[in-house]
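Notes follow once the structure below has been shown.
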Amino acid sequence: MGECTPSYLTIEPTCRIVFGPGGIEYLPALIASLGMDRAFLVTDRGVYAAGIVDQVLKVLNAAGMEHGAYDRVGANPSTTNVDDGAAQARAFGPAVIVALGGGSVLDAAKGISLLVGNADAAAADADTLWDALDGLPLIAIPTTSGTGAETNGFGVIEAAGARHKVYIGHPSVKPRIALLDPTLTLSLPAKITAATGIDALVHGIESLASRGANPVSAAFASQAVALVGQWLPLAHRDGSNLEARSHLMLGAHLAGQALTISGLGLVHGIGHALTAHTGTPHGIALAAVLEEVMEFSAPATQDAFEQAGRALRLSPPADGDWARVTVQAVREISGSLCIKQPLRKLGVNHAMRVPLARGALADAVTRNAPRQPTEKEVLEILDRVF
């Protein structure tokens, strides 16, 4: 008999998850559980305008908990945002960083947390900070259902003036606690529900197809696709539907758990480049190329598309072509959200095509794509959706 060599699968532990309507009331106790009695809130003006910050401050004030805040995070957060927020957090002193907002806020908060723990560092040093000193402990409270940023220890931010994204992160800034309160998403406009929700769906699909996928990530991703595929259209149609909002938030979180293990792929590679060059919101950038990238990837990932199709409750195709029926189902979901737009309406001109393609190929996520594209092939995808 031949020698049998065991294989090992190592998965980082997930953060603590507090999930359910009204969970925000537990925030002071959760902060205290991390050994602190002060909170530094990171958020943006949109979350303020929606009244969500006031809800959180009311809870903190009722508990007599001292707090500070930085509320200037941009829609596509930049290194400038992170540096400014870190300066305010350093001035406030030791605290738990409470990230309250969508993926942009959560990503910026991780950078802010890390810089506070490294007094001489700046966000432009992102590439050298992965071995830095620990950042402050962080609690993530997402107010959208899409990015899954509460599941990992890195943020995607824009290098100010450089038209490309950088990854800033460290194991210490992976949120200690993810506080998932779906009532905070009830006021989310339909357009933002669509854009963030499609991001979650892409996370699930790309995680299944990624070169880094394994049985654990596939389990998270399959359940995420099932939940998002079923409940996103309902939450988009009726934002006050708490059941839909709850299932969608949980699905987005599971998709985040999946991508943290598996990595993503070319949809995100192109999406990051598109956002960096035009400022297009992340989910809308992904939707612009989603089905076309799936069709390009299909020859290399039929099994993953079968998993996605079964999660979407599709009937097995008579010809066995799961990619075809799964792409069509995704196209119908996207169509119901009215989110897909041609690139020319997103500010892309012909001169941008080559920089976009090269930016997508240079992005780290593209290395996880099941079928590695050439520059010519990325240009062909862009031309299809121009």
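The values are calculated or read from the model by the stated rules, or taken from the named source; none is laboratory data. In this text, all values refer to a predicted model and were calculated from it rather than measured experimentally. Cβ: placed from backbone, ideal geometry, glycine included. Neighbour counts: every protein chain shown. These area figures cover heavy atoms from the full protein model, side chains too; ligands, DNA and RNA do not enter into them. Shrake-Rupley method; radii C 1.70, N 1.55, O 1.52, S 1.80 Å.
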Scanning the range 137-155 for residues that are assigned to a strand (DSSP E or B) and crowded, with 24+ Cβ neighbours inside 10 Å gives LEU138, ILE139, ALA140, ILE141, PRO142, GLY155
Quick one: ALA360 ticks every box in (1) within 21 Å of the chain's Cα centre (by Cα); (2) open to solvent by 10 Å² or more (accessible area, probe 1.4 Å) except a single one, so which number is it? (2)
Of all residues in the range 103-120 being open to solvent by 20 Å² or more (accessible area, probe 1.4 Å) and of a type in the set (A, V, I, L, M, F, W, C), the one that is farthest from VAL166 (Cα to Cα): ALA119
Can you say whether LEU100 is crowded, with 17+ Cβ neighbours inside 10 Å, assigned to a helix (DSSP H, G or I) and touching a helix residue (DSSP H, G or I) at 6+ places or on another chain (Cβ under 9 Å), as far as the supplied structure shows? no
So if I check each of PHE296, PHE305, which one is in contact with a Ser or Thr (Cβ under 6 Å, 6 or more places away or on another chain) and over 30 Å from LEU186 (Cβ atoms)? PHE305
Unique residue being assigned to a loop (DSSP other than H, G, I, E, B), out of contact with any strand residue (DSSP E or B) (no Cβ under 7 Å at 6 or more places or on another chain) and open to solvent by 40 Å² or more (accessible area, probe 1.4 Å) when the list is ALA351, ALA318: ALA318
VAL59, sole failed condition from (1) in contact with a helix residue (DSSP H, G or I) (Cβ under 6 Å, 6 or more places away or on another chain); (2) crowded, with 20+ Cβ neighbours inside 10 Å; (3) not aromatic (Phe, Trp, Tyr): (2)
Report the residue count in the range 358-386 for those that are among the β-branched types (Val, Ile, Thr) and in contact with a Leu (Cβ under 7 Å, 6 or more places away or on another chain). 4
Would you pick out the residues in the range 300-315 that are part of a helix (DSSP H, G or I) and open to solvent by 60 Å² or more (accessible area, probe 1.4 Å)? GLN302, ASP303, GLN307, ARG310
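May I ask you to say which residue of ARG90, ARG72 is basic (Lys, Arg), closer than 30 Å to HIS272 by Cβ, out of contact with any Cys (no Cβ under 7 Å at 6 or more places or on another chain) and in a helix (DSSP H, G or I)?
ARG90
Quick check: is even one residue across the range 178-187 open to solvent by 30 Å² or more (accessible area, probe 1.4 Å), in contact with a Lys or Arg (Cβ under 9 Å, 6 or more places away or on another chain), outside any helix (DSSP H, G or I) and not charged (D, E, K, R)?
Scanning the range 178-187 turns up at least one residue that is open to solvent by 30 Å² or more (accessible area, probe 1.4 Å), in contact with a Lys or Arg (Cβ under 9 Å, 6 or more places away or on another chain), outside any helix (DSSP H, G or I) and not charged (D, E, K, R).
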